[in-house]
1. In the range 71-146, how does Rg compare with the Kirkwood Rh, expressed as the Rg/Rh ratio over alpha carbon atoms?
2. Select from 108, 49, 124 the residue farthest towards the positive end of the dipole of the chain; place +1 on Cβ of Lys and Arg, -1 on Cβ of Asp and Glu, and compute about the Cα centre.
3. Suppose only helical runs count, i.e. DSSP H with n ≥ 4. What mean residue ellipticity at 222 nm does that imply for the chain under -39500 (n - 2.57) per run, divided by all residues and rounded to the nearest 500 deg cm²/dmol?
4. 7 Å from Cα along Cα→Cβ at both residue 111 and residue 80: what's the point-to-point distance in nm?
5. Helix 95-104: angle to the longest alpha-carbon principal axis of the chain, degrees 0 to 90, nearest 10?
6. What longest range of the chain stays clear of loop-exposed GluC sites (Glu not before Pro) (DSSP non-H/G/I/E/B, at most 10 other C-beta within 10 angstrom)?
7. In nm, what is the difference between 0.36 nm times the number of residues separating residue 125 and residue 61 and their Cα-Cα distance?
8. With θ taken as phi - 60° and the coefficients 6.51, -1.76 and 1.60, list the Karplus ³J(HN,Hα) couplings across the range 76-82 in order, rounded to whole Hz; mark glycine and proline as x.
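Any read-out appearing in this document is the output of simple, stated calculations on the displayed coordinates, not a laboratory observation. None of the values given here were measured: they were computed from a predicted structure. So basically every Cβ, Gly included, is an ideal-geometry build from the backbone, and we count neighbours across all protein chains shown.
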Amino acid sequence: MKVILQENVEGLGYLGDVLTVADGYARNFLLPRKKAVLAEERQVKLLQHLKRQIDQKAKKEVEALGDIGKQMSNVSLTFEVQTGKDDKLFGSVTSKDIAERLEAQGMTVDRRKIQLPHPLKELGTFPVPIKLHRDVVAKIQVTVAKQPGDEPKVEEPASPEEAPVETTETA
């Protein structure tokens with residue numbers, strides 16, 4: 001069955017794509033949820049007109065997001081975290097933490113656009129891609145460092161002279 005997508009569908013296509021999909025998929029998922037319409041002649045002509053308008057808007061959007069992406073590529077975030085023995089982190093740095101830190105710097109980013117495959121659980125500097133648009137990806141540098149004064153305390157054994165002496169009293 002030929003359909004025209006009304007919105008981006010993950011793993012299938014983007015808004016305005018004309019696709020051939022299984023009849024059941026179209027009838028049971030795409031059409032009832034208004035994610036697609038049947039590709040009839042009238043709909044195809046309307047789509048072509050809308051595509052021209054959408055392409056013009058998309059070009060402007062990509063240019064604007066490209067500028068924002070260039071600004072973001074210059075951003076470097078540093079997270080000072082508590083560490084334990086052998087520099088193991090207590091917790092991790094997640095995409096939510098990165099989004100909050102970017103928000104504090106005046107850049108609003110949806111945390112789902114931060115392409116962090118897994119939370120950062122070790123010290124170091126990591127490039128983190130942010131997918132602003134399907135054609136625009138900015139990379140920021142995220143540094144995970146120890147908190148100052150978070151050195152593990154090593155207790156030295158007391159010398160035998162300073163060791164407390166236990167006394168037992170007999171009555």
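1. Numbers: Rg = 12.5 Å, Rh = 12.8 Å.
Here Rg/Rh amounts to 0.98.
2. In the chain, that residue is 49.
3. Numbers: 2 runs with 43 residues, N = 171.
For the chain, the value works out to -8500 deg cm²/dmol.
4. 2.3 nm
5. The answer is roughly 90 degrees.
6. Working: sites that count: 10, 155, 161, 162, 166, 169.
With GluC sites (Glu not before Pro) excluded where exposed in loops, the chain gives 11-154 as its longest stretch.
7. Full extension from residue 125 to residue 61 adds 20.0 nm.
8. 10, 10, 10, 10, 9, 10, 6
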